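Below is one structure; the comments refer to it alone.
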Amino acid sequence: MRILLALSVCLLSPRAWGDAVADPESLIHRLARTAPASVGFVEVRYSSLLRAPIVVSGELTYLGPARLDRDVTAPYREHTAIRDESVSIEREGEQPRTLALRRAPELRGLLTGFSGVLAGDSAAVKRSFAIAAKGADDAWTLELTPLDPGMQRRLDRIVVTGAAGEPRCLLVFGPHEAATVMLLGAAALNLRADVALAQLLEHCRAE
Amino acid sequence: MSGPRVAWLLLAAWIAGVISLGVWVQSELVVGSDLRLFLPRATTREQGLLLDEIGEGPAARALVVALEGAPPERLAEASRALVESLSASSEFRWAANGDVPLESFPEDLLPYRFLLSPTIDSRELDAEYLHGELVKRARDLSSPAGLVLEPLLPRDPTLEVLALVQRWQPAQEPRRQFDVWFDRSGRRALLIAETVAPAFDPGGQRAALAELERALRGAGADGIAMTVSGTGYFSVLMEARTRAEIGWLGTATTIAMLVLLLVAYRRVGSLLYSALPLLSAGVVGLAAVSAIFGSVHGITLAFGFTLIGVAQDYPLHLLSHRHAGITAIETARRLWPALATGVASTCIAYFTFFFSGVLGLAQLACFTVSGLAVAGLTTRFVLPHALGAGAPDYGASVLLGRLWTAIAGLPRPRWAGVALLGVCALAFFAARQPFWENDLGKLTPVPTDLLEKDRELRAELGTPDLRYLLVLDAVDAPDALARLEQLDPALVSLVGTGAIAGYDDAARYVPSPATQRARQARLPDATALRAALAEAQLDTPFRPDVFEPFIADVERARVAPVLTLERAAATPLGARLGILLKSVDGETRALVTFTGVRDPAALRALADSDGAIFLDLKEASETLVAGERARILVSLAIAALLLLAVVSVALRSPARTLRVLAPMALTTVVVLAVLRATGVSLNLFHLISLVLVAGLGLDYALFFEHAADDASEQRRTLHAVLVCSLSTLMVFALLAISDLPVLRAVGLPVTIGVVSNFALALLLTRPDARLESHVAVHRGPAKTKARR
């Protein structure tokens, strides 16, 4: 956890960035996508339970506010459909699993934040998060910190990095060194499978 | 002479006695509302179970609640708040809306998951199984569910708790939105709340409904409309309606009665005193029931006051027969033979109910017999002392004289009687509806639209079918659980064939000790499990030591004492277990409830082959009602014979006995025929009303017979019977036009009966007009003198 914090402080430290971006709200507006919009991703999952991070890749499809599909294509196939208040996960050869968002404040927070950004709805994002933006137009960072104490216990913060109107990485920091780094579009190319979190954070920041 | 002083003292003492008895009754009387009091003792095992289940059974106690009128998310919030406050309420045993928080699984029961779930029945906790699970968990971890599941994994890498919570969900789950049950349209949030009070306890149910309203307001549910449905709600609703109806009927009949009596007697004082016999009857009747039975059923009260209403006639006879030159005491003395015969025969008839084997009817007998006897005695020995001299003599009434002559002149051909019987027989056999009403529910019928709504809500919720139950009697809880487990494969196959949609029993939640021990024997010890895990983890991304909490849990499950029902009862499972399993007389009775029963015969066959009892509540209640009716009919037959005997002895002449009893017998036939012709199936209420009709008819005939020889006495009797029958007619005609079937069932027969009794008593009981003078000559001088 401490390592993560240090790393993210390093990631967010202003000296690394160019001209300051205006404000988080206009950044969110710039990130808005019109549904449907798809982007390829590579996701790296870190956890204190794991010896090595788990890497999966696939495609993310934004279908409109609170409607999101996440399809994993490698190394196995998995389809996740997020529809309003419920998340259903289907994997080949297994019983589908349905989760209610109310039961999982961390997941709800993640999805509200994510969906809010994709919809350009800064008001929706601000209902659940304190938002801050740093960096310059060519390399910015948007940080969402949950307001709800229940959510805080299980979701540390969400960080989006990118350049101009394009998001590059989506980082989710949980408790106990849990972290998920999702590299979007071009950022996902040429990624080594055994990459360490520190290198990955550097990668998210780089051009 | 101290005569008048003694009389006034007697009157004052009597009134004081009645008042103090009334005060005692007021403080002692417990009014019950358990319908079972009016059902006979069970003769079969099925009936015994039925009596246990009626009103107390799980289905009867469960109120279905629907919330609507707001966006689903708000409805779900209100539903959750409601369940939370109802679960904490003392009026409700439990409430459910489908929301099963994982945290509700008690921490100290967590290790038991391997003993409660069938997972390891078919497989071992070996390296192969664990490897498969860990591969899935790794994938779960990098799925969106990962954040949620991650904290659970070290202790429960097979996610056994989730499997268990899923297993405990109802077989047929309603649609869920925001984690709680909704109807198919998604517009109404649904929940179930089981009351502590039995369904037929309107008081307890009213308190529960008030609590429900309070809880909804507490949930901050402005603008959300709540619909409640269920047997308990209906009993409150029907009681309120009956009470309101009786309220205005009571007011209307009291005013009408006062007007009638004022017109008839023109004396306010006499009027007040004439209430004394009925008042005494009510108070003494209540005191007798209270002293003998401890409590009195609401229906006993309602019927009882209907039946002792005949006592209001007693003082009216006295008032109508007063005239100049004779004291009220003397009038009472002269009327006494007719009055005493009427009171005694009615009392003896009602007394047979005492032995009907139905507690409610025994109470009714006690109430009416003591009440009527006291009313008769009050009219004879107390009331006359209160009545002064100087009453108008109705024997001198010209109008009544002309009326009497006109009636006496009416032709009375025998063929008319035969024709009447013929018409009655025709009406009797032409009617197509069943003769008897066997449906217990029809006793207090609920409007069909409410029943329809109830059915619809229960279908949406998939609540257990109200009608069918499987019952297993076992020596103790472990035995019951073991027998339920034996039954399980057959039940599963019935679900498979579609005979039933689902079932629920205690063994679904807590397996028998034998099964739990068998599962314990299949659990690996810590060393073996650690080795298996190490092997399973090899090619997974998990760190070697992260599952130590899991190994500790399995070890605890392996050596722990098995989970007993007593222990499970203290958990959130307790409420459901309490319904499905209970101890009865030192034995344990287990219930299997069903949803969507399509083939009851298959369930019956299953029960027969497994030594269980298949209970069709509808069928059992119908045989019960039929059995009760048989007992009442036997009581009535004995009552009729006793009545015949008493009247014969009192009148000492077969011809006079026939004259007195003929109108009553014929009226019974007429009332039955009219009921048949108007499409009515007879129930308990009709039978009791027929008894009242017979009692009234007997009184009218006895008084006409008593006055047969004397023109003035005839006019006075005509006056008395006119006032009596008019007042009775007024009361019961109002009941007959009521919306409530119960009140109609009492009002209609009595209305028809009073008219028929009056007409037939006039036509059949009084002797031929031609003979009048001859008879008068043969009678004693006192009466001849009185006529002058």
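Regarding A:Ser115, is this residue in contact with a strand residue (DSSP E or B) (Cβ under 8 Å, 6 or more places away or on another chain), closer than 19 Å to A:Leu60 by Cα, away from chain B (no Cβ under 11 Å) and among the polar types (S, T, N, Q)?
yes
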When every residue in the range B:581-617 that is more than 23 Å from B:Arg455 (Cβ to Cβ) and under 26 Å from the mean Cα position of the chain (by Cα) is compared, the one surrounded by the most Cβ atoms within 10 Å (Cβ to Cβ) is B:Leu581
Restricted to the range B:299-357 and to residues being polar (S, T, N, Q) and surrounded by fewer than 24 Cβ atoms within 10 Å (Cβ to Cβ), the residue nearest to B:Ala640 (Cα to Cα) is B:Thr352
Pick from the range B:524-582 the residues that are of a type in the set (A, V, I, L, M, F, W, C), touching a Lys or Arg at 6+ places or on another chain (Cβ under 9 Å) and assigned to a loop (DSSP other than H, G, I, E, B): which of them is nearest to B:Ser90 (Cα to Cα)? B:Val562
When the range A:145-193 is checked residue by residue, the ones that are surrounded by fewer than 14 Cβ atoms within 10 Å (Cβ to Cβ) and modelled with pLDDT of 85 or more are A:Leu147
Within the range A:78-133, considering residues that are of a type in the set (Ser, Thr, Tyr) and within 26 Å of A:Thr161 (Cα to Cα), the one modelled with the highest pLDDT: A:Thr80
Out of A:Leu110, A:Leu142, report the one residue that is crowded, with 23+ Cβ neighbours inside 10 Å, more than 11 Å from chain B (Cβ to nearest Cβ) and in contact (Cβ under 8 Å) with a residue 60 or more places away in the chain. A:Leu142
What is the residue count in the range A:20-65 for residues that are in a strand (DSSP E or B), in contact (Cβ under 8 Å) with a residue 12 or more places away in the chain and either closer than 19 Å to B:Ala145 by Cα or not hydrophobic (A, V, I, L, M, F, W, C) (or both)? 17
Looking at the range B:349-378, I want the residues that are hydrophobic (A, V, I, L, M, F, W, C) and have a partner that is not in a helix (DSSP H, G or I) with Cβ atoms under 6 Å, at least 6 apart or on another chain. Which pairs are those? B:Val358/B:Pro40
From (1) more than 28 Å from A:Leu27 (Cβ to Cβ); (2) more than 9 Å from chain B (Cβ to nearest Cβ), pick out the condition that doesn't hold for A:Ala136. (1)
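Listed here are the residues, each with its yes/no results for (1) more than 30 Å from B:Val65 (Cα to Cα); (2) surrounded by 18 or more Cβ atoms within 10 Å (Cβ to Cβ); (3) over 53 Å from the mean Cα position of the chain (by Cα).
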{"residue": "B:Gly132", "(1), (2), (3)": "yes, no, yes"}
{"residue": "B:Ala138", "(1), (2), (3)": "yes, yes, yes"}
{"residue": "B:Pro151", "(1), (2), (3)": "yes, no, yes"}
{"residue": "B:Pro157", "(1), (2), (3)": "yes, yes, yes"}
{"residue": "B:Ala163", "(1), (2), (3)": "no, no, no"}
{"residue": "B:Arg167", "(1), (2), (3)": "no, no, no"}
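Here's the yes/no breakdown for (1) touching a Leu at 6+ places or on another chain (Cβ under 6 Å); (2) free of Cβ contacts under 8 Å to residues at least 24 places away in the same chain; (3) under 30 Å from B:Ala88 (Cβ atoms):
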{"residue": "B:Thr254", "(1), (2), (3)": "no, yes, no"}
{"residue": "B:Leu258", "(1), (2), (3)": "no, yes, no"}
{"residue": "B:Leu272", "(1), (2), (3)": "no, yes, no"}
{"residue": "B:Gly282", "(1), (2), (3)": "no, no, no"}
{"residue": "B:Ala287", "(1), (2), (3)": "yes, no, no"}
Can you confirm whether the range B:33-44 contains a residue that is assigned to a helix (DSSP H, G or I), crowded, with 20+ Cβ neighbours inside 10 Å and at pLDDT 75 or above? no
Consider the range B:89-104. How many of its residues are away from every other protein chain (no Cβ under 13 Å) and at pLDDT below 75? 0
Among the listed residues B:Glu548, B:Glu535, which satisfies the condition of being within 14 Å of chain A (Cβ to nearest Cβ), touching a residue at least 60 places away in the same chain (Cβ under 8 Å) and surrounded by fewer than 18 Cβ atoms within 10 Å (Cβ to Cβ)? B:Glu548
Mind checking which residues of the range B:147-158 are out of contact with any Gly (no Cβ under 8 Å at 6 or more places or on another chain) and at pLDDT below 90? B:Val148, B:Leu149, B:Pro151, B:Leu152
Could you tell me whether any residue of the range B:219-241 is at pLDDT below 90, of a type in the set (D, E, K, R) and under 30 Å from B:Leu316 (Cα atoms)? no
Scan the range A:148-169 residue by residue and report those that are closer than 14 Å to A:Ala133 by Cα and within 12 Å of chain B (Cβ to nearest Cβ). A:Ile158
Test set (1) in a helix (DSSP H, G or I); (2) under 30 Å from B:Gly17 (Cα atoms) - B:Gly388 fails condition number: (1)
Among the residues that make up the range B:3-10, is at least one of them at pLDDT 75 or above, small (Gly, Ala, Ser) and surrounded by fewer than 21 Cβ atoms within 10 Å (Cβ to Cβ)? no
Looking only at residues in the range A:170-188 that are more than 17 Å from A:Gly40 (Cβ to Cβ) and not in a loop (DSSP other than H, G, I, E, B), which one is farthest from the other protein chains (Cβ to nearest Cβ)? A:Leu171
Kindly check whether there is at least one residue in the range B:167-187 that is farther than 24 Å from B:Phe594 by Cα, more than 14 Å from chain A (Cβ to nearest Cβ), out of contact with any Cys (no Cβ under 8 Å at 6 or more places or on another chain) and not polar (S, T, N, Q). yes
All but one of (1) over 23 Å from B:Leu21 (Cα atoms); (2) touching a residue at least 40 places away in the same chain (Cβ under 8 Å); (3) in a helix (DSSP H, G or I); (4) of a type outside the set (S, T, N, Q) hold for B:Leu301; which doesn't? (1)
So how many residues does the range B:112-166 have that are within 7 Å of chain A (Cβ to nearest Cβ) and more than 26 Å from A:Gly150 (Cβ to Cβ)? 3
Among all residue pairs at least 6 apart or on different chains, which show Cβ distances below 9 Å where the first residue, located in the range B:227-245, is assigned to a helix (DSSP H, G or I) and the second is of a type in the set (Phe, Trp, Tyr)? B:Thr231/B:Phe200; B:Gly232/B:Phe200; B:Ser235/B:Phe200
Subset tally (residues that are surrounded by fewer than 13 Cβ atoms within 10 Å (Cβ to Cβ) and assigned to a helix (DSSP H, G or I)) for the range B:259-273: 5
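Can you go through B:Leu675, B:Leu658, B:Leu636, B:Leu642 and tell me which one is free of Cβ contacts under 8 Å to residues at least 60 places away in the same chain and either among the charged types (D, E, K, R) or assigned to a helix (DSSP H, G or I) (or both)?
B:Leu658
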Considering the range A:39-97 alone, what residues qualify as being more than 9 Å from chain B (Cβ to nearest Cβ), within 24 Å of B:Pro154 (Cβ to Cβ) and either touching a His at 6+ places or on another chain (Cβ under 9 Å) or of a type in the set (S, T, N, Q) (or both)? A:Gln95
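The values are calculated or read from the model by the stated rules, or taken from the named source; none is laboratory data. Because the structure is predicted, anything quoted here is derived from the model rather than measured. Glycine gets a Cβ as well: all are built from the backbone with ideal geometry, and neighbour counts include every protein chain shown.
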